[in-house]
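Novice: Dropping a structure here in structure tokens format, bear with me for questions.
What follows draws every value from the coordinates through simple rules; no lab data is involved. Note that the coordinates shown come from a computational prediction; the quantities given were computed from them, not determined experimentally. Backbone-built Cβ (ideal geometry, glycine too); neighbour counts: all protein chains shown.
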Amino acid sequence: MTEEPGRTTRRFLTPPVHQVHQHLRAHMESLGMEVRFDAVGNLRGLWKPIDSTSDKRLILGSHIDTVPDAGAFDGVLGVVLAIELVASAKALRLPLALEVIAFSEEEGVRFGFPFIGSRAVAGRFDTSILGHKDAAGISIRQAIVNFGLARENLQGAVADQHAIGFVEIHIEQGPVLEAEDLKVAAVSSIVGQTRLDLKFIGHANHAGTTPMHLRHDALAAAAEWITRVEAHALKTEGLVATVGKLEAHPNAGNVIAGSAEFSLDIRHVHDTTRETAVDELLREAGAIAQRRDLKLEWTKKMDEPSVPMDERLTAFMSDAIEAAGFSAKAMPSGAGHDAMIMAGCMPTAMLFLRSPSGLSHHPDEAVREEDVEAALRVAEKFLQRLAADIR
Ligand code: HGY
Ligand code: MN
Ligand code: MN
């Protein structure tokens with residue numbers, strides 16, 4: 001289920017998302033879940049125990065969109081495991097209602113805005129972005145209509161007031177569990193991250209006739225800044241900074257680039273270190289623009305602080321890991337997750353499972369079957385622990 005034959009790419013509300021919805025919906029309905037779509041295309045399945053007297057519900061889930069040329073597990077594995085947990089809860093006759101959400105947009109690839117799905121559920125959707133267009137000139141508003149979603153109000157997407165928490169199961173996407181030969185871990189916090197889109201604007205000109213000292217080369221400026229980004233991150237303990245996107249215009253070999261558009265993704269567990277690095281790198285970009293007589297434009301697409309996971313739920317998760325027979329480890333997440341948005345509106349916890357060779361955002365992303373089973377067993381014990389606590 002991909003936009004591109006031969007590789008996995010599934011951006012926000014593109015046609016292959018319909019196919020994923022069909023699969024997930026059939027699975028949900030086979031378990032007796034009530035299924036609906038909300039205003040931003042989150043697929044939501046609700047299971048209520050027949051004899052339940054309480055309105056309390058736990059929300060479980062993750063995202064089903066992907067990066068380009070993605071692996072098969074980032075996000076969607078968490079949704080499939082969440083649905084499996086409904087089957088477990090039924091078998092265990094747990095008195096807790098479960099809502100499973102397949103978030104529609106976490107990566108932010110199509111429009112540059114991540115977490116559209118979870119922001120809508122957390123009541124933090126910024127309607128001012130609805131007019132933003134993708135590379136094909138389609139706005140977010142139009143993409144929602146094109147996908148066949150009713151123009152219902154966003155209020156209908158906001159989490160039910162009886163939700164007692166959110167839990168996300170996700171691959172670690174890094175090397176730690178592999179290095180320590182662990183199957184699973186609880187997540188202690190999710191590092192803060194800032195994402196910018198930037199643009200140097202110079203003058204296109206002839207590559208053969210324009211002397212070097214008369215150029216206003218936007219691509220050369222971007223190249224100079226990108227090496228500064230890497231140098232800055234290398235000398236700042238724990239900082240990761242990435243320029244993953246770069247587009248030169250008019251992008252022809254014999255034309256000096258009149259403009260260059262590029263991204264910055266920067267993360268650190270301490271918000272002040274990240275914010276200081278963003279300010280410093282923007283200052284350096286400004287100095288490069290001035291020296292080369294270019295213009296610099298930039299917009300902030302995301303700015304999320306480091307988020308601690310809920311202590312009580314994370315303690316339950318660690319207890320569940322031990323009860324399942326594994327050594328309890330809690331670790332920070334360098335990757336962003338819908339959990340960092342949901343944590344803003346309800347107690348939130350995460351469970352990681354090992355990423356063999358620490359690889360992710362790559363077609364060779366993998367999981368081990370025994371780790372998936374382990375995660376399911378731990379999550380079942382977590383549900384039992386939580387259900388016992390709310391009885
Ligand atoms: O970029 C991230 O951290 C996540 O995979 N969306
Ligand atoms: Mn991802
Ligand atoms: Mn993910």
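Novice: For a quick check: with amide H placed at 1.01 Å from N, whose amide H comes under 5 Å from residue 72's, ignoring anything fewer than 5 positions away on the same chain?
Specialist: Hits under the 5 Å cutoff: 365.
Novice: Could you run the Karplus curve 6.51 cos²θ - 1.76 cosθ + 1.60 with θ = phi - 60° over region 240-256 and give me ³J(HN,Hα) per residue in whole Hz, x for Gly and Pro?
Specialist: Per residue, the Karplus-derived 3J(HN,Hα) values read 10, 9, 9, 9, x, 10, 8, 10, 9, 10, x, 6, 10, x, 10, 10, 5 Hz.
Novice: Spin-label point model (7 Å from Cα, Cβ direction): what's the residue 92 to residue 141 distance in nm?
Specialist: Inter-label distance under the simple model: 4.6 nm.
Novice: Follow-up question, since we're still on this one. Quick check: the angle from helix 369-390's long axis to the longest principal axis of the chain, C-alpha only, nearest 10 degrees?
Specialist: 60
Novice: Using packing as a proxy for protection, rank 287-293, 196-202 so that the peptide with the highest average count of other Cβ atoms within 10 Å comes first. Could the numbers behind the result be given before it?
Specialist: Details: 287-293: 14.1, 196-202: 20.3.
So the order, starting with the most tightly packed, is 196-202, 287-293.
Novice: Which stretch or stretches of region 245-282 have amide N atoms under 20 Å from the point lying 7 Å from residue 303's Cα along the Cα→Cβ direction?
Specialist: Hits in region 245-282 for residue 303 at 20 Å: 262-282.
Novice: Next question. GNM on the chain, C-alpha springs below 10 Å: top fluctuator among 97, 223, 163?
Specialist: Maximum fluctuation in the GNM of the chain, among the listed residues, is at 223.
Novice: Out of 184, 79, 35, any idea which swings most in a Gaussian network model of the chain, alpha carbons joined below 10 Å?
Specialist: Taking springs between Cα atoms under 10 Å, the residue moving most is 35.
Novice: Then there is this: Under 18 Å from a point placed 7 Å out from the Cα of residue 291 along the Cα-to-Cβ direction: which residues of region 206-234 have their backbone N that close?
Specialist: So the set is 212-233.
Novice: Note the angle between two axes, namely the Cα long axis of helix 76-91 and the longest principal axis of the Cα atoms of the chain, as a number of degrees from 0 to 90, rounded to the nearest 10.
Specialist: 10
Novice: Could you rank the peptides 346-354, 38-46, 84-92 by their average count of other C-beta atoms within 10 Å per residue, with the highest value first? Walk me through the intermediate numbers first.
Specialist: On the way: 346-354: 25.3, 38-46: 22.8, 84-92: 18.0.
Output ranking for 346-354, 38-46, 84-92: 346-354, 38-46, 84-92.
Novice: Length gain on complete extension for the stretch residue 180 to residue 212, per 0.36 nm per residue less the alpha carbon to alpha carbon distance?
Specialist: Roughly 6.3 nm would be gained on extension.
Novice: Sorted by average packing, counted as other Cβ atoms within 10 angstrom per residue and highest first, what order do 272-279, 58-65 take? Walk me through the numbers on the way to the answer.
Specialist: On the way: 272-279: 16.5, 58-65: 28.1.
Most protected by this proxy first, the peptides run 58-65, 272-279.
Novice: Can you tell me which of 132, 23, 270 moves the most in a GNM of the chain? Springs connect C-alpha atoms under 10 Å apart.
Specialist: 23
Novice: Between residue 133 and residue 150, what length comes free when the chain is fully extended (0.36 nm per residue of separation minus the Cα-Cα distance, one decimal in nm)?
Specialist: 4.2 nm
Novice: Same structure again: Using only Cα atoms and rounding to the nearest 10 degrees, what angle (0 to 90) does helix 271-291 make with the longest principal axis of the chain?
Specialist: The helix 271-291 is inclined about 20 degrees to the chain.
Novice: Okay, moving on. So what is the 222 nm mean residue ellipticity for the chain from helices alone, if each DSSP H run of at least 4 adds -39500 (n - 2.57) and you divide by all residues, rounding to the nearest 500 deg cm²/dmol?
Specialist: -10000 deg cm²/dmol
Novice: Once you have the Cα-Cα distance between residue 385 and residue 160, take 0.36 nm times their residue separation minus that, and quote the gain in nm to one decimal.
Specialist: Roughly 78.8 nm would be gained on extension.
Novice: Then there is this: Counting only residues 5 or more places away or on other chains, whose amide H sits under 5 Å from the amide H of residue 240 once H atoms are built in the peptide plane?
Specialist: 267
Novice: Could you give each residue of region 191-196 its phi-based ³J(HN,Hα) in whole Hz, using Karplus coefficients 6.51, -1.76, 1.60 with θ = phi - 60°, and x for Gly or Pro?
Specialist: Listing the rounded values in order: 5, x, 8, 10, 10, 10 Hz.
Novice: Could you give the dipole magnitude of the chain about its Cα centre, charging the beta-carbon of Lys and Arg +1 and that of Asp and Glu -1, in debye to the nearest 20?
Specialist: The dipole of the chain has a size of about 740 debye.
Novice: Based only on the alpha carbon positions, what is the Kirkwood hydrodynamic radius of the chain, in angstrom?
Specialist: 22.2 Å is the Kirkwood radius here.
Novice: Quick check on region 70-132: take the gyration tensor over C-alpha atoms, sort the square-rooted eigenvalues as a ≥ b ≥ c, and tell me if it's rounded (a/c under 1.5), prolate or oblate.
Specialist: oblate
Novice: Next up: Using θ = phi - 60° and the Karplus curve 6.51 cos²θ - 1.76 cosθ + 1.60, what whole-Hz ³J(HN,Hα) does each residue of region 134-143 get, with Gly and Pro shown as x?
Specialist: Listing the rounded values in order: 8, 4, 8, x, 8, 7, 4, 4, 5, 4 Hz.
Novice: Obtain the nm distance between the two label points defined at residue 242 and residue 275 by a simple spin-label model: each point lies 7 Å from its Cα along the Cα-to-C-beta direction.
Specialist: In this crude label model, residue 242 to residue 275 measures out at 2.5 nm.
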